Amino acid sequence: MQQGYQVKTTLRSLTRKDGIIKALTEAGIIDFSNLSYIEADLTSDNNWEEAVACCDYVLHVASPFPAQDPKDENELIIPARDGALRVYLAEL
């Protein structure tokens, strides 16, 4: 972003945008002109095609992370797998 790249980021809710900007500002980022936001949730197919449109690279770094261990490991595995597949398939 600061090196001239256009960066899109996804948020489950755009209401979190101000918090992201605050965190980036505290980390030393001052120019947000190359940053855009798309509302997309890994548990839904909505907006993923828009999120990856015209992208040369995709960095998928999100995964469910609950406060305590689930009783069944599939509560983590299935949403993580399905979310990664949504992002990957939207690129195709």
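Between Ile21 and Asp45, the simple label model (points 7 Å from Cα in the Cβ direction) yields a spacing of 3.3 nm. Applying both filters, DSSP loop and at most 10 other Cβ atoms within 10 Å, to the chymotrypsin sites (Phe, Trp or Tyr not before Pro) of region 24-65 gives Tyr57.
Note on the chain: dipole from Cβ charges, positive end direction compared against Asn74, Tyr57, Leu85; the farthest Cα belongs to Tyr57. Entry note, the chain: relative contact order of 29 percent, from Cα contacts under 8 Å with a spacing of 6+ residues. Measuring r between the beta carbons of Ser36 and Asp69 and using R0 = 41 Å, the FRET efficiency lands at 0.70. Taking trypsin sites (Lys or Arg not before Pro) across region 41-92, the ones in a DSSP loop with at most 16 further Cβ atoms lying within 10 angstrom of their Cβ are Lys71.
Axis angle, to the nearest 10 degrees, between helix 74-91 and the longest C-alpha principal axis of the chain: 50 degrees.
Between the helical axis of 17-26 and the longest alpha-carbon principal axis of the chain there is an angle of about 60 degrees.
Within region 1-64, which trypsin sites (Lys or Arg not before Pro) sit in a loop by DSSP and count at most 13 neighbouring Cβ atoms inside 10 Å?
Listed in order of number, the matching sites are Arg12.
Computed over the chain, the percent of Cα pairs more than 23 Å apart is 33. Remark: the chain carries a charge dipole of roughly 220 debye about the Cα centre, counting +1 on each Lys and Arg Cβ and -1 on each Asp and Glu Cβ.
Coordinate-derived values only; no laboratory data. This structure is a prediction, so every number in the text was calculated from the model and none was measured. Reconstructed Cβ throughout: ideal geometry from the backbone, glycine too, with neighbour counts over all protein chains shown.
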